[in-house]
Amino acid sequence: MIAGLGTLTGLLATGCGAVRGGYESAPYQVVRADGSVEVRDYPALTVVETPMAARQGGGSDGSFNRLFRFITGGNAAKQKIAMTTPVFMSGHETNATMAFVMPAAMKTGDVPKPSDGAVTVRELEPGRFAVLRYSGGRNAKNESESLDRLRAWMQKEGLKELSPPVYGYFDPPWTPAFLRRNEVMVRTESVSNPRSSA
């Protein structure tokens, strides 16, 4: 697969709501669960973000390396920052981005200035998201099918889609496809009568 991305993503581990495999994961609260779909409330998340030449490139353009250099000291403070999961990818051919979530204890104002002008720090607004978890390799077919499944579930439940999809990837590329944790998430409105199921 992609050599540079493959080596670096070996640092990633599968995660759920808080910590898994020793790596902190973006925090959230499950409001409702229905099979492979969850409705989650996310707090504001601070991320470091960089453009990608094409989202399906998966970082082969150097986007992953730019973010990795930032967290390993490529910043004004030469500060090392813990790796977290997942790696977020969004956008299309002309506006694709990749983002690392900063540890929860690090607020936006605490994040050091990136040394690379192609890396930016920003805060994602808190909100409620419909999220579908799926396995398999990271490719356009799997992403499209997972998004279709999520949209079908949201339509059935009467939930509006309020943002473009964001994909979260938790595992290195050599992880067997059937064991990988991937997610697609879409911002939605509040649920009037949340319910949970196993």
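What follows draws every value from the coordinates through simple rules; no lab data is involved. This one's a predicted model, so the numbers in the text were calculated from it and none came from an experiment. Please note: Cβ atoms are built from the backbone with ideal geometry, for glycine as well, and neighbour counts cover all protein chains shown.
Below is a table of values for the structure above.
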| quantity | calculated |
| --- | --- |
| Kirkwood estimate for the range 45-124, i.e. one over the average of 1/r between Cα atoms, Å | 12.4 Å |
| The range 45-124: relative contact order as a whole-number percent, Cα under 8 Å and 6+ apart | 45 percent |
| Residue exposure sequence - PHE64, PHE100 - by fewest surrounding Cβ within 10 Å | PHE100, PHE64 |
| The range 62-109, relative contact order in percent, only Cα pairs under 8 angstrom and at least six apart counted | 29 percent |
| Under 27 Å from LYS78, Cα to Cα: lysines that are on another chain or at least 8 residues apart | LYS107, LYS113 |
| Residues of type lysines that LYS160 reaches as a straight line, Cα spacing below 24 Å, ignoring anything fewer than 8 places off in the same chain | LYS141 |
